[in-house]
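Here, each number is a calculation from the coordinates, and none is a lab measurement. Here the structure is a predicted model, which means the values were calculated and not measured. Neighbour counts are summed over all protein chains in view; Cβ atoms, including those assigned to glycine, are modelled from backbone coordinates with ideal geometry.
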Amino acid sequence: MLLVNLIWFLLLSLGIITAAINGNIEIITAAAFDSAKMAVSIAFDLIGIMALWLGLLKIAEDSGLVKAIANLFKPLTVFLFPSIPKDHPAMGAIIMNLSANILGLGNAATPLGLKAMQEMQELNNSDEASEAMCTFLALNTSCITLIPATIIGVRASAGSSEPTAIVGTTIFTTGVGMMVAIIVDKILRKTYRKKKR
Amino acid sequence: MKTLDLISRWAIPMVLLIIPLIGLMRGVKLYESFVTGAEQGFITAIKIIPFMVSMLVAIGVFRASGAMELLIKAISPIFDMVKIPPEILPLAIMRPLSGGGALGIATELIHSYGPDSFIGRLASTMQGSTDTTFYVLTVYFGSVGVKKYRYALSLGLIADITTLITAVFITNLMFGS
């Protein structure tokens with residue numbers, strides 16, 4: 001991730017240069033130390049909320065809630081992945097991965113996603129991504145989110161009077177994002193096919 | 001808008017009731033499952049500390065020095081035209097690149113401007129709404145040896161931009177003055 005390195009360096013160096021030009025270089029030391037301390041105290045505030053949330057989600061996972069949501073979305077995934085046979089193992093892995101994403105189960109979603117990629121690669125057998133893979137990754141990065149737990153925790157620890165005020169806006173935003181991803185995927189798929197011909 | 005507000009209010013209490021209820025009906029050992037999951041939560045919170053420290057220090061230095069103010073002043077004419085607050089530019093850039101980094105920036109914005117401020121709410125919505133496109137593409141394609149991404153990257157970035165615009169739109173509508 002070259003770009004992250006560059007941005008990180010730019011933030012630091014431009015900050016230090018600006019402070020030097022303004023003649024208050026001493027502010028840098030205080031800002032750096034205070035921020036480092038604040039980072040740890042925020043993470044500590046988050047422990048309780050993250051533990052509560054992931055504890056609940058583990059109950060959900062063990063009760064088969066991921067599977068239940070998966071069944072609900074089966075018709076949609078069959079429509080979205082026309083190139084994958086209905087009862088191919090790739091389909092099962094895709095549905096499970098997306099269901100875990102919807103519930104905010106990031107830890108459970110990643111292994112399922114990697115499994116889905118492996119199964120799709122068996123159908124693809126090339127070093128170029130298949131259409132199904134592109135669709136899958138687009139859905140993965142813009143998946144509808146029901147409860148953004150981490151950011152609710154950050155808001156609560158910052159003393160918000162309504163930490164969950166942003167749940168509604170998040171569901172709306174991710175819903176629109178997912179719909180656009182599905183539509184743009186169909187368009188790009190067609191243009192790419194034409195270009196190849 | 002009433003509906004979104006209602007959802008925001010009821011989401012957590014309902015989840016706290018419904019998940020254990022379903023678990024009980026399905027014969028899950030509630031307490032044991034909860035504790036196993038909670039341990040993961042503990043580990044997750046500790047694991048983000050290095051990301052938070054690195055990003056909060058960088059952005060803290062950038063803000064305290066006055067460089068952030070200069071940047072905001074420089075870009076605000078363009079951002080004002082499209083009604084996006086310039087303060088969120090660093091978050092918008094970091095979001096597709098690094099999940100931990102973006103969380104650090106969003107946290108700094110929430111603390112600097114207040115969680116219930118417009119910028120605090122916008123940053124929260126943005127952070128909760130997209131995933132780290134570059135990271136997901138690298139890990140998922142890398143794991144199966146796919147080197148040509150086809151249109152996956154442009155597709156992911158189009159989705160990210162859509163999400164950004166939607167977040168600004170809906171936050172304005174719900175919480176704008």
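Some values worked out for this structure:
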quantity	calculated
Total lysine pairs under 21 Å (Cα atoms) in chain A, excluding pairs fewer than 8 apart on one chain	12
Efficiency of FRET between A:Glu122 and B:Thr138 - r from beta-carbon atoms, R0 22 angstrom, step 0.05	0.55
Residue among A:Ile25, A:Ile171, A:Ile147 with the largest mean-square fluctuation in a Gaussian network model of chain A, springs linking Cα atoms under 10 Å	A:Ile25
Shielding by partners, peptide B:67-77 (average Cβ within 10 angstrom, other chains)	2
Inter-label distance, nm, simple model (7 Å from Cα along the C-beta direction), B:Lys83/A:Ile27	3.3 nm
Paramagnetic label zone (point 7 Å from Cα along Cα-to-C-beta, B:Asp5; backbone N under 20 Å) in region A:149-178	A:160-173
Residues in region A:36-67 reached by a label modelled at B:Tyr31 [backbone nitrogen below 11 Å; 7 Å Cα→Cβ]	none
Euclidean distance between Cα centres, region B:17-65 to region A:1-38, Å	29 Å
Normalised alpha carbon radius of gyration of the protein assembly as shown [divisor 2.2 N^0.38 Å]	1.01
Residue-by-residue Karplus 3J(HN,Hα) for region A:183-191, coefficients 6.51, -1.76, 1.60, Hz, glycine and proline x	5, 4, 4, 4, 5, 4, 4, 5, 5
Percent of C-alpha pairs per 10 Å bin, chain A, short to long	8, 24, 27, 21, 14, 6, 1
Peptides A:64-75, B:154-165 ordered by average Cβ neighbours within 10 Å, highest first	B:154-165, A:64-75
Loop trypsin sites (Lys or Arg not before Pro), region B:62-166 (other Cβ atoms within 10 Å of the site Cβ: 13 or fewer; DSSP)	B:Lys83, B:Lys147
Cα point-scatterer Debye curve for region A:20-70, base-10 log of I(q)/I(0) at q = 0.30 Å⁻¹	-1.01
Estimated [θ] at 222 nm from DSSP helical runs (n ≥ 4, -39500 (n - 2.57)) normalised by residues in the protein assembly as shown, nearest 500	-27000 deg cm²/dmol
Calculated Rg and Dmax of region A:35-129 using C-alpha coordinates, Å	17.3, 53
Inter-chain Cβ neighbour average for residues B:92-103, partner chain, 10 Å	3
Simple label model, 7 Å out from Cα along Cβ direction - B:Phe118 to B:Met14, nm	3.0 nm
Per-residue mean of C-beta atoms belonging to partner chains within 10 Å, peptide B:132-139	4
Value in Å of the Kirkwood radius, where chain B supplies the Cα pairs that are averaged	18.9 Å
Projected label distance in nm at A:Leu76 and A:His88, using a 7 Å step from Cα toward the beta-carbon	2.1 nm
